[in-house]
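S.K.: I'd like to ask some things about the structure below.
The values are calculated or read from the model by the stated rules, or taken from the named source; none is laboratory data. Just so we're clear, the structure is a prediction, and the values are computed from it rather than from any experiment. Reconstructed Cβ throughout: ideal geometry from the backbone, glycine too, with neighbour counts over all protein chains shown.
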Amino acid sequence: MTEKLKSDLKTKGVEYVFCSFVELTGAPKAKLVPVSHIEEFAQDGAGFAGFACGDVGQGPHHPDICSVPDLGSLTVLPWRKNTAWVTGNLYVEGKPWPMCPRTALMRQLELAKKQGYVVNIGIEPEFMLLKKNTAGEYLPWDEFDTLVKPCYDLRALHRNLDVMTSLLGFMQELGWDPYANDHEDANCQFELNWTFSDALTTADRYTFFKWMVRTVAEQHGLLATFMPKPFGNLTGNGAHVHLSLADVSGKNLFLDESADRGLSQLGRWFMAGVLHHARALSALVAPIVNSYKRLVPGFEAPTLLAYSARNRSASIRIPWVSSPKARRIEVRFPDSLANPYFAFAAMMLAGLDGIQNKIHPGDPADKDLYDLEPEEAKHIPTVCHSLDMALEHLDNDREFLTRGGVFTNDVIDAYMALKLQEITRFRMATHPVELDMYYSA
């Protein structure tokens, strides 16, 4: 197998391979391996000093951590064809390392498979293209992109055609089948969409996608950010997640054309499970302090835990689709800095809990949820207002999260400790607005 791999890579002109993995936050790490040594890495993995390589639950006293590549994820870089990328799973001394996010997702997929389900996921990643001014401030790069409502603006999209067509071309070359690109709701904000896949493939592709977007932006002298809320006055970067279940034959189990909104009873239970556990999920799908500056009224992000067929102010939407194969739910509160492996695993866990317990999703909310009367709004649960609140719910929902061994208490403890450190850093920092308001008080 490895000899054939080496031969295939050499035939394609590949000389080097990034052996990669993601740590708890989803940040990618890698070693560059010459193809001449690919056999040993394909078999035993690339070794890393775990304490130095990010947040993987290791101290300086731990043995090396190894990323054993999943060769099915191997991707030749479209912008540098003598180099490839492959992601993998973490092992220590030949055993799976419990802090590996990709392994957690694979465990969850195996649990779903045992129940007869294949999990399909698509994602809508939003990002902004920025520049730095002489004062070191980050700003939307295009000085002409100033419309109050720039969504779908043809002129701004045209001015960014070189970046967007580069990305679309690369995605076509990779076989992802991209089908749309648009200017989004904020100035210099964009989105690219590609066809859904099984959950693991989509998580791998999304990890690669974020790196590819930043790389292409840099090649054009720009900076790309997936930060949820870079600017207080502009819509933030979400990552709407589209989920459905199929059986092993590929039949979409969320489709029932005779049902309300075409969503089957199974799909409604799954959706209800996601809503029921949404506050705990928030710690994983809206994972940073800045995430909660996005989840505010009036900026195309949900604030109440409700669902609707058409209402974009709801936390879950049931999109209208002409193809029965595409019947799904759209979860709208995740953002682009979520670790996709943890995020997908947790949402699947919640949805399957909804099926197991036949949780009812309640009535749809088809009104503008930003404009409800207080008496009406108080009957609908809110999304979390802060990372502190989300972590509290994560901690309280441990019994649910640790079912089946997908998430362990050690993983939850390590993740929470990491996030509490982040919160402490923000609390200790002085914001420029504070100086403006209080320096002469």
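S.K.: Can you name the strands (runs of 3 or more DSSP E) wholly within the range 111-190 that have at least 1 residues being out of contact with any helix residue (DSSP H, G or I) (no Cβ under 6 Å at 6 or more places or on another chain), surrounded by fewer than 19 Cβ atoms within 10 Å (Cβ to Cβ) and without any contact (Cβ under 8 Å) to a residue 60 or more places away in the chain?
M.R.: On the way: elements: 118-132, 138-140, 178-183.
Of the strands (runs of 3 or more DSSP E) lying wholly inside the range 111-190, those with at least 1 residues that are out of contact with any helix residue (DSSP H, G or I) (no Cβ under 6 Å at 6 or more places or on another chain), surrounded by fewer than 19 Cβ atoms within 10 Å (Cβ to Cβ) and without any contact (Cβ under 8 Å) to a residue 60 or more places away in the chain span 138-140, 178-183.
S.K.: State all residues of the range 273-302 that are surrounded by fewer than 22 Cβ atoms within 10 Å (Cβ to Cβ), farther than 13 Å from Ala390 by Cβ and of a type outside the set (Lys, Arg); if no residue qualifies, say none.
M.R.: Within the range 273-302, Val296, Pro297, Gly298, Phe299, Glu300 qualify.
S.K.: Continuing with the same structure: So which helices (runs of 4 or more DSSP H) are wholly in the range 201-306 and hold at least 1 residues that are at pLDDT 95 or above and more than 28 Å from Arg327 (Cα to Cα)? Explain how you work it out, then say what you get.
M.R.: Values: elements: 265-276, 278-285, 291-294.
Filter on the range 201-306 gives 291-294.
S.K.: I would also like to ask the following. Kindly indicate whether Ala390 is over 25 Å from Leu245 (Cα atoms), touching a Pro at 6+ places or on another chain (Cβ under 9 Å) and buried (at least 22 other Cβ atoms within 10 Å of the Cβ).
M.R.: Numbers: over 25 Å from Leu245 (Cα atoms): yes; touching a Pro at 6+ places or on another chain (Cβ under 9 Å): yes; buried (at least 22 other Cβ atoms within 10 Å of the Cβ): yes.
Yes, satisfied.
S.K.: Looking at (1) assigned to a helix (DSSP H, G or I); (2) more than 24 Å from Ala104 (Cβ to Cβ); (3) among the hydroxyl-bearing types (Ser, Thr, Tyr), which is the one condition that is false for Tyr415?
M.R.: (2)
S.K.: Still on this structure: Would you mention how many residues in the range 328-352 are crowded, with 24+ Cβ neighbours inside 10 Å and assigned to a helix (DSSP H, G or I)?
M.R.: Residues flagged as crowded, with 24+ Cβ neighbours inside 10 Å and assigned to a helix (DSSP H, G or I) within the range 328-352 amount to 12.
S.K.: When the residues of the range 59-86 are narrowed to those that are touching a Phe, Trp or Tyr at 6+ places or on another chain (Cβ under 6 Å) and touching a residue at least 12 places away in the same chain (Cβ under 8 Å), which ends up nearest to Leu168 (Cα to Cα)? Break it down into steps so the answer makes sense when it comes.
M.R.: Our first condition is that a residue be touching a Phe, Trp or Tyr at 6+ places or on another chain (Cβ under 6 Å); within the range 59-86, this holds for 59-60, 65-68, 75, 78, 83, 85.
Next, only the ones that are touching a residue at least 12 places away in the same chain (Cβ under 8 Å) stay: 65-68, 75, 78, 83, 85.
Values: Ile65: 35, Cys66: 33, Ser67: 30, Val68: 30, Thr75: 16, Pro78: 11, Thr83: 20, Trp85: 19 Å.
Here the answer is Pro78.
S.K.: Given the conditions (1) out of contact with any Phe, Trp or Tyr (no Cβ under 9 Å at 6 or more places or on another chain); (2) more than 30 Å from Asp397 (Cβ to Cβ); (3) without any contact (Cβ under 8 Å) to a residue 12 or more places away in the chain, which single one is not true for Arg214?
M.R.: In the conditions (1) out of contact with any Phe, Trp or Tyr (no Cβ under 9 Å at 6 or more places or on another chain); (2) more than 30 Å from Asp397 (Cβ to Cβ); (3) without any contact (Cβ under 8 Å) to a residue 12 or more places away in the chain, Arg214 misses (1) alone.
S.K.: Could you list, ordered by first residue, the pairs with Cβ atoms under 6 Å in which the first is in the range 325-348 and assigned by TED's automatic domain parsing to the domain that holds Val411 and the second is among the hydroxyl-bearing types (Ser, Thr, Tyr) and in a helix (DSSP H, G or I), at least 6 apart or interchain?
M.R.: Going by the 6 Å Cβ cut-off, the qualifying pairs are Asp335/Ser291; Pro340/Tyr206.
S.K.: Go through the residues of the range 28-39 one by one and say whether even a single one is under 30 Å from the mean Cα position of the chain (by Cα), in a loop (DSSP other than H, G, I, E, B) and modelled with pLDDT of 80 or more.
M.R.: no
S.K.: Name every residue in the range 76-87 that is crowded, with 19+ Cβ neighbours inside 10 Å and of a type outside the set (A, V, I, L, M, F, W, C), in order of residue number.
M.R.: Within the range 76-87, the subset crowded, with 19+ Cβ neighbours inside 10 Å is 77, 84-87.
Hit for the range 76-87 is Thr87, nothing else.
S.K.: So how many residues does the range 133-163 have that are within 26 Å of the chain's Cα centre (by Cα) and either hydroxyl-bearing (Ser, Thr, Tyr) or closer than 15 Å to Thr225 by Cα (or both)?
M.R.: Adding up the residues that qualify gives 6.
S.K.: Checking the condition in contact with a His (Cβ under 9 Å, 6 or more places away or on another chain), assigned by TED's automatic domain parsing to the domain that holds Gly122 and surrounded by fewer than 15 Cβ atoms within 10 Å (Cβ to Cβ), which residue from Asn409, Asn357 passes? Don't jump to the end; show me each part of the working.
M.R.: Details: Asn409 fails: in contact with a His (Cβ under 9 Å, 6 or more places away or on another chain).
Unique residue meeting the criteria: Asn357.
S.K.: Within the range 58-74, is even one residue surrounded by fewer than 18 Cβ atoms within 10 Å (Cβ to Cβ), in a loop (DSSP other than H, G, I, E, B) and either among the aromatic types (Phe, Trp, Tyr) or in the same structural domain as Thr215 (by TED's automatic domain parsing) (or both)?
M.R.: Taking every residue of the range 58-74 in turn, none turns out to be surrounded by fewer than 18 Cβ atoms within 10 Å (Cβ to Cβ), in a loop (DSSP other than H, G, I, E, B) and either among the aromatic types (Phe, Trp, Tyr) or in the same structural domain as Thr215 (by TED's automatic domain parsing) (or both).
S.K.: Got a sec? Which of Pro324, Pro334 is in contact with a strand residue (DSSP E or B) (Cβ under 8 Å, 6 or more places away or on another chain) and modelled with pLDDT of 95 or more?
M.R.: On the way: Pro324 fails: modelled with pLDDT of 95 or more.
Only one candidate qualifies: Pro334.
S.K.: If I filter the range 231-246 for residues that are surrounded by fewer than 20 Cβ atoms within 10 Å (Cβ to Cβ) and touching a Leu at 6+ places or on another chain (Cβ under 8 Å), do I get at least one hit? Give the derivation first.
M.R.: Of the residues in the range 231-246, the ones surrounded by fewer than 20 Cβ atoms within 10 Å (Cβ to Cβ) are 231-234, 246.
From what's left, touching a Leu at 6+ places or on another chain (Cβ under 8 Å): 246.
Among the residues of the range 231-246, at least one is surrounded by fewer than 20 Cβ atoms within 10 Å (Cβ to Cβ) and touching a Leu at 6+ places or on another chain (Cβ under 8 Å), which makes the answer yes.
The rows are residues; the columns are (1) among the small types (Gly, Ala, Ser); (2) more than 15 Å from Glu126 (Cβ to Cβ).
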{"position": "Glu184", "(1), (2)": "no, no"}
{"position": "Asn187", "(1), (2)": "no, no"}
{"position": "Glu191", "(1), (2)": "no, no"}
{"position": "Lys210", "(1), (2)": "no, no"}
{"position": "Thr215", "(1), (2)": "no, yes"}
{"position": "Gln219", "(1), (2)": "no, yes"}
{"position": "Pro230", "(1), (2)": "no, no"}
{"position": "Gly236", "(1), (2)": "yes, no"}
{"position": "Leu245", "(1), (2)": "no, yes"}
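S.K.: Only one of Phe254, Phe270 is of a type in the set (A, V, I, L, M, F, W, C), crowded, with 24+ Cβ neighbours inside 10 Å and over 20 Å from the mean Cα position of the chain (by Cα); which?
M.R.: Details: Phe270 fails: over 20 Å from the mean Cα position of the chain (by Cα).
Among Phe254, Phe270, only Phe254 is of a type in the set (A, V, I, L, M, F, W, C), crowded, with 24+ Cβ neighbours inside 10 Å and over 20 Å from the mean Cα position of the chain (by Cα).
S.K.: Taking the condition of being at pLDDT below 95 and either farther than 15 Å from Gly405 by Cβ or not in a loop (DSSP other than H, G, I, E, B) (or both), how many residues in the range 91-103 meet it?
M.R.: Total satisfying the criteria: 6.
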